[in-house]
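Presented below is the structure to which this report refers.
Throughout, read-outs are computed from the coordinates displayed, never taken from laboratory work. What you see is a predicted model, and the numbers here were worked out from it, not measured in a lab. For neighbour counting, all protein chains shown are included, and Cβ atoms are generated from backbone atoms with ideal geometry for every residue, glycine included.
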Amino acid sequence: MLTLNHIRYEVEENDQCIDIIRDVGFTVGDRKFVVITGPNGGGKSTLARLISGVIRPTGGQILFDGADITSLGITERARLGIGYGLQQPVRFKGIDVKDLLRIAAGRSLSTDEACAYLSRVGLCARDYVNREVNASLSGGELKRIEIATILARKPKLAVFDEPEAGIDLWSFQSLIRVFEQMREEISDGSILVISHQERILEIADEIIVVAGGRIERQGPREEVLPHLIGTASAVNSCSRLTERS
Amino acid sequence: MKETVYNDFYLGAGCDVVIVAGCGISNCGGQDSQHDGIHRFFLEEGAKMRYVEKHYGEGDGRGKRILNPVTELHLQKGSYAELEMVQIRGVDSTERVTTAELAEGAKLVVAERLMTHGSQSAVSVYKVDLNGADSSADVVSRSVARDESYQKFDALITGNAPCHGHSECDAIIMDRARVLAVPQLDAADVDAALIHEAAIGKIAGEQLIKLMTLGLTEAEAEEQIINGFLK
Ligand SMILES: Nc1ncnc2c1ncn2[C@@H]1O[C@H](COP(=O)(O)OP(=O)(O)OP(=O)(O)O)[C@@H](O)[C@H]1O
Ligand SMILES: [Mg+2]
């Protein structure tokens, strides 16, 4: 499905070259659920932006279904089947939720169809379908709508950057159900999720740990997960709750 | 060709009306044409009016069509006027002047949508006098300026009594366009609450990126963002 070969990403700041991604390589196989985890600032979101074409690597190669897509733009990659749910979803004045879902689906949607996507991400659909995707939506609502756009898009490879951020614990289980449903629905589809959540790590086929712009560890869940439990990379939702109280 | 259209509207006490005005100037012949309208509205006590004026010009914005509508509003006690003014493309030059005077408890709501292109210029002038206690005005303009076009939003709200006034100018600027916002608030009463908001900027890059990740080209994404913004 997706292969990154020796990917580098450097930026220049005050005449200094900063390496943000330093020689990263991995493969997301067909029908796989892969989770990227690691400390804040490690380079996870940068990888998602490199995969979706928002930024171009300064070195290395990206292959999608065997074809070299390194030089393709965002639109072309989207049309090939790469979906991208942002860590911080974007707000639009005047564009309503149904418009956004219609754009994502690439065809006109009936209200029922639009509502079905919203229900799947736990939003009471009728209340939201005609809402504007503007500043009046809460962070968690926006995040769920972002996930709904990926459901409507049905990409071959869905990349989600911290989909659980801002989503309350109660609906966490439904989020996991969303991923499971997606896997059943999109035959040959793969999902790449960036997450710190233990429960998302627990359903991964493979886990990649990224820190300091490098891959620190990667492999099947059974191998990698034991190394992570108790570290900052795997946050148990309950322990987080206990810390807060 | 030069013409002026006069229209006076008298709205009796307690009436509730919707007025729709439209004008699409077609001037493909290349000569100048000027089309001015003076609309005066007199709203008696408790009258309610919704006024919709839409101008969709044709052409590329480089001819010499001119549109200078003047709107004058006189709102008596407890009356309510809502104005929706839309001008999308085509007209080369506009200077739209809207004046309003509001008595006790009267309310004015203005929603302006504007898109200029080519070498057009569009000036919107609002002069609102809140003269009566508890009168209020809400003037909101959303606009898009493309190519070399020029826009000026000039709104003066004067509070002469305990009142609420709000004006807002929200503009997307593209290409080599220029947008000038001139907000003015004039409070002549200690209980006049007046607010102005103005924001001018290009389309946010992250909005384009999001729509492109949903398969739109950059140009298609731009259109969606603008259409939504001016909806
Ligand atoms: N254009 C840039 N210029 C300078 N620094 C950048 C740029 N892009 C990313 N960085 C830096 O690269 C590092 C990796 O950022 P990235 O957003 O990928 O981290 P992350 O792993 O997603 O973190 P988090 O868990 O907090 O979301 C950060 O230190 C960030 O500040
Ligand atoms: Mg991140």
Debye, to nearest 20: dipole size of the stretch B:2-203, +1 on Lys, Arg Cβ, -1 on Asp, Glu Cβ: 760 debye
For chain B, built as a Gaussian network whose Cα springs stay under 10 Å, the top-fluctuating residue of B:132, B:215, B:37: B:215
Choice from B:200, B:88, B:19 showing the highest fluctuation, given a GNM over chain B with Cα pairs closer than 10 Å: B:19
Neighbourhood charge, 10 Å Cβ-Cβ cut-off, centred on residue A:174 and excluding it, Lys, Arg +1 and Asp, Glu -1: +3
Acute angle (nearest 10 degrees) that the helix B:218-229 long axis makes with the longest principal axis of chain B, alpha-carbon atoms: 10 degrees
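Given Cα pairs under 8 Å that are at least 6 residues apart, what percent is the relative contact order of chain B?
13 percent
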Pairs beyond 25 Å (Cα-Cα), from A:93/B:152; A:32/A:98; B:202/B:231; A:32/A:154: A:32/A:98
Neighbourhood charge, 15 Å Cβ-Cβ cut-off, centred on residue A:4 and excluding it, Lys, Arg +1 and Asp, Glu -1: +4
